[in-house]
Amino acid sequence: MIREPLATGLTRHWDVDEVVVDTRTAFQHLVIARTSQGLSLFCDDDRQSTEFSQLTYHEALMVPALLLADRVDRVLVIGSSEGVVCQMAVAAGASVVDHIDIDEQAVKLCAEHLPYGYTLDELALAEKGEGPVRVRYIDGYEHIRTTSERYDIVLVDLPDEREEEAQHNRLYGEEFLRMCKALLTPGGVVVSQAGCQTMWRNTTLVRMWQRFGDVFGTVAYYGSDEHEWAYLFGRADEVADPTALMVERLPGSGYRPGTIDELALRGNSIPPYLVRHSRA
């Protein structure tokens, strides 16, 4: 059994039918196990993705960014070890997808054992830079700080921000968001996994809503109606109605989502009450 902490006094218990991988990488405790939701990835006891629901999660993260960006040619992905969003970017027409992940072992184990995301052959090509996806195992913060590349989409997909000290917390901060913004091409988008929308676990989302509002000229929200995560999207310029823009572009998108349609874009674009009023 895996005990996943949700909030103070709340824990979710996952029954495990089979443990496929149980190891400590240089950065985290990683488990790949067979649960009632199929093969499932856990990092430091937090469920990251499952065979059953990963498409819903990854499309909610990537599809609004694909629609909000004026171009989808060059994409930067920080984290997201499974590689699913990189594959979506290529399907949408990207010619360059730079995938930066600090945990080489995690990426390789996902490719070896998960039935979604990279295969081992695909990962081997990406590690060599042969094809549109280029994988590098380095610190995402340092890459953002030092790169001279420019991107149409900068996507950050990490475990939730911690109350305690954690090396990845700095990739949620305002300084990091400003560095991401500086890498954007005109009409480009920064997107981040921004936490959970439930009122008992919304600390990260409230903080990220405030940070995005301080950094970007346009902020769009997408809260999955079939998952427990929310995502924020920022453009440097001002877009009068980002939701209408995404809806308008959906029919012509190079990537055809299986879990998002026009009504989902409209219905899931309003942040929760407590989040909206946190900036009052």
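Taken together, the values in this text are just the output of simple stated rules run on the coordinates, not laboratory data. Quantities reported herein were computed from a predicted structural model and do not represent experimental measurements. Here Cβ is always computed from backbone atoms with ideal geometry, including for glycine, and neighbour counts include all displayed protein chains.
Quick notes on this structure:
- For the chain, complete DSSP H runs whose alpha carbons reach 20 Å or more along their own long axis and whose mean Kyte-Doolittle score is 0.5 or higher are 54-68.
- Anisotropy class of the chain from Cα gyration tensor, a/c 1.5 cut: rounded
- DSSP beta bridges in the chain [antiparallel fraction, %, rounded to 5]: 60
- Using alpha carbons only: equivalent-ellipsoid semi-axes of the stretch 206-257, gyration tensor based, whole Å: 21, 17, 8
- Gap separating the Cα centres of the stretch 123-160 and the stretch 193-263, nearest whole Å: 22
- Contact order, relative form, for the chain: 17 percent (alpha carbon pairs under 8 Å, 6 or more residues apart, mean separation divided by residue count).
- Relative protection proxy for 99-108, 265-274, from highest mean packing down: 99-108, 265-274 (other beta-carbon atoms within 10 angstrom).
- In terms of packing, defined here as the mean over residues of other Cβ atoms within 10 angstrom, the peptides 29-41, 83-95 line up highest first as 83-95, 29-41.
- Over all distinct Cα-Cα pairs of the stretch 45-126, the Kirkwood formula returns a hydrodynamic radius of 13.2 Å.
- Average projection, convex hull of the Cα set of the stretch 83-164: 6.3 square nanometres.
- As an equivalent ellipsoid, the stretch 188-280 spans semi-axes of 22, 17, 11 angstrom, where each value is the square root of five times an eigenvalue of the C-alpha gyration tensor, largest first.
- Ranked by the mean number of other Cβ atoms within 10 Å of their residues, highest first, the peptides 244-254, 193-203, 114-124, 224-234 come out as 224-234, 193-203, 114-124, 244-254.
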